[in-house]
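The values are calculated or read from the model by the stated rules, or taken from the named source; none is laboratory data. Computed from a prediction, not measured in an experiment: that's the story for all the values here. FYI the Cβ positions are ideal-geometry reconstructions off the backbone, even for glycines, and counts take in every protein chain you see. When the accessible area is computed, the model is the full protein with side chains, heavy atoms only, and any ligands, DNA or RNA have been set aside. Shrake-Rupley method; radii C 1.70, N 1.55, O 1.52, S 1.80 Å.
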Amino acid sequence: MLEKHKHISFPPKTDFPIFQVDDEKCIGCGRCVNSCPIQLLMLDSDKKARPNERYDHFRCICCQNCAASCPNDAITIQGDYRVHEGFWKNDNLFEGGKTFPDPLYSRNGAKYEDYEDQLTETEKVIYNRRSIRLYKKKRVPKELVHRIIEAGRFAPSAGNNQPWKFVAITNPDVIEEIDQICKKRVRLFPQMLMPHPWVDKQVPGDKNAKPKKWQKTLHYLLSRKTPGDVDQRVLGGINTISSDPEYRTFFKAPALIILAKDVRGIGSPDLDLGICGQNMVLAAHSLGLGTCWVSLIKGLTWDHRYVRKVLGLEYPFKILTSLTLGYPAGQVDNIVARERQRVNWIE
Ligand SMILES: Cc1cc2nc3c(=O)[nH]c(=O)nc-3n(C[C@H](O)[C@H](O)[C@H](O)COP(=O)(O)O)c2cc1C
Ligand code: SF4
Ligand code: SF4
């Protein structure tokens, strides 16, 4: 079989990051458990953070949010996501593992605190921003939501065509309603593509279960069209989230901004909306608010009636993504390590 067709479903030769906790430092606050986007962590009977039973099947995406939200610096994430063969092979794309920010090119692992005073305010927000999934109940004043959307409005766009429209929601009942619709709809992906003993299970079933032949074929076809939607990390994540009745797609955030694109936008409207959204994200964090991109909102796009009636969105606007917004509960914004620069210098 051609290399690129191999192991399309769940590549067997994959290294996943490993979660490690220092029991001496762990005070059992549970913040890491609540901030893990894939719900992979739990507190054991001694109130120490541990990977739960899902961890082995639906692995860590190496976001380091658990480490960033830990008040006691008890967590280390070792290793990286590396696939060694088949369609998803990526171990040849990286040079070594993750590193911390090094904008001043010290090349000797200078600590952020040592050079922070040389950075601009914008750079500080860029390096410290983390996705916030722990929110206070406190409502965000309308003036601040407006101020954040205003930062988006002044983003660049191809041909200055500004192909965006926003829906700003601060009504908790509506956010909860959207949450439930999205959770129900996105289950379709794991239901179609995962080995059935794993689907809709908070605790995975048969560890050796394999996808059926028709599922592999479907996986292959989808991977040609939209590979990012059928990556094993996405499927695992969606499976855990949508099967956990306690999980909230929008983390009970007090505000939600939906970003819809004009489907006729010049060039690539998705790219324009990404730039616009990141303007909003950086503005929000610079104001002491927290955000998290939530593209699982896409589950809502299939509910045309709800989108039209409740959100007031009609053609040519189509939901692309969303941002949760609120006051962070405790410290989460923090420095983490990321993959090294992949850059070809031509000098
Ligand atoms: C376009 C986009 C879509 C995302 N969708 C989700 C989502 O649906 N749910 C979620 O919990 N996080 C989502 N995230 C957040 C990512 O998981 C997060 O940015 C990544 O793990 C890096 O962590 P950091 O933002 O803390 O640096 C999304 C991020 C982006 C940029
Ligand atoms: S690194 Fe991210 S995905 Fe992995 S355990 Fe921590 S919070 Fe969860
Ligand atoms: S956030 Fe840190 S201290 Fe709190 S439970 Fe997790 S590891 Fe322990």
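Against the condition among the small types (Gly, Ala, Ser) and not in a helix (DSSP H, G or I), how does Ala155 come out, does it pass?
Against the criterion (among the small types (Gly, Ala, Ser) and not in a helix (DSSP H, G or I)), Ala155 qualifies.
Quick one: what pairs do we get from the stretch 118-130, first residue of a type in the set (Val, Ile, Thr), second modelled with pLDDT of 95 or more, C-beta under 6 Å, 6+ apart or different chains?
That search, which allows pairs on different chains as well, returns Val125/Leu282; Val125/His285; Val125/Ser286.
May I ask you to list the residues in the stretch 272-304 that are in contact (Cβ under 8 Å) with a residue 60 or more places away in the chain, farther than 30 Å from Gln331 by Cα and open to solvent by 30 Å² or more (accessible area, probe 1.4 Å)?
If the condition is that a residue be in contact (Cβ under 8 Å) with a residue 60 or more places away in the chain, farther than 30 Å from Gln331 by Cα and open to solvent by 30 Å² or more (accessible area, probe 1.4 Å), then Trp302, Asp303 are the ones that fit.
Name the residue that is farthest from ligand 1 (Cβ to nearest atom), counting only residues in the stretch 42-61 that are open to solvent by 40 Å² or more (accessible area, probe 1.4 Å) and within 24 Å of Ala253 (Cβ to Cβ).
Leu43
Could you check the stretch 153-170 and list, in sequence order, the residues that are among the aromatic types (Phe, Trp, Tyr) and either open to solvent by 80 Å² or more (accessible area, probe 1.4 Å) or more than 17 Å from Leu325 (Cα to Cα) (or both)?
Selection gives Phe154, Trp164.
Quick grid of which residues meet (1) under 24 Å from Thr291 (Cα atoms); (2) of a type in the set (Phe, Trp, Tyr):
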residue	(1), (2)
Gly96	no, no
Tyr105	no, yes
Ala110	no, no
Ile126	yes, no
Ile149	yes, no
Phe154	yes, yes
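Just one of Gln78, Gln20, Gln39, Gln64 is touching a residue at least 60 places away in the same chain (Cβ under 8 Å), open to solvent by 70 Å² or more (accessible area, probe 1.4 Å) and within 15 Å of ligand 2 (Cβ to nearest atom); which is it?
Result: Gln78 is the single residue among Gln78, Gln20, Gln39, Gln64 that is touching a residue at least 60 places away in the same chain (Cβ under 8 Å), open to solvent by 70 Å² or more (accessible area, probe 1.4 Å) and within 15 Å of ligand 2 (Cβ to nearest atom).
Within the bounds of the stretch 299-318, is there any residue that is under 30 Å from Ala110 (Cβ atoms) and assigned to a loop (DSSP other than H, G, I, E, B)?
Within the stretch 299-318, not a single residue is under 30 Å from Ala110 (Cβ atoms) and assigned to a loop (DSSP other than H, G, I, E, B).
Within the stretch 225-243, which residues are over 23 Å from Ser35 (Cβ atoms), more than 15 Å from ligand 1 (Cβ to nearest atom) and modelled with pLDDT under 90?
Selection gives nothing.
Those residues that are within 24 Å of the chain's Cα centre (by Cα), small (Gly, Ala, Ser) and at pLDDT 90 or above, I need them from the stretch 1-53; list them, please.
Gly30, Ser35, Ala49
Please determine, by comparing only the residues of the stretch 305-333 that are within 16 Å of the chain's Cα centre (by Cα) and at pLDDT 95 or above, which one is surrounded by the fewest Cβ atoms within 10 Å (Cβ to Cβ).
Thr321
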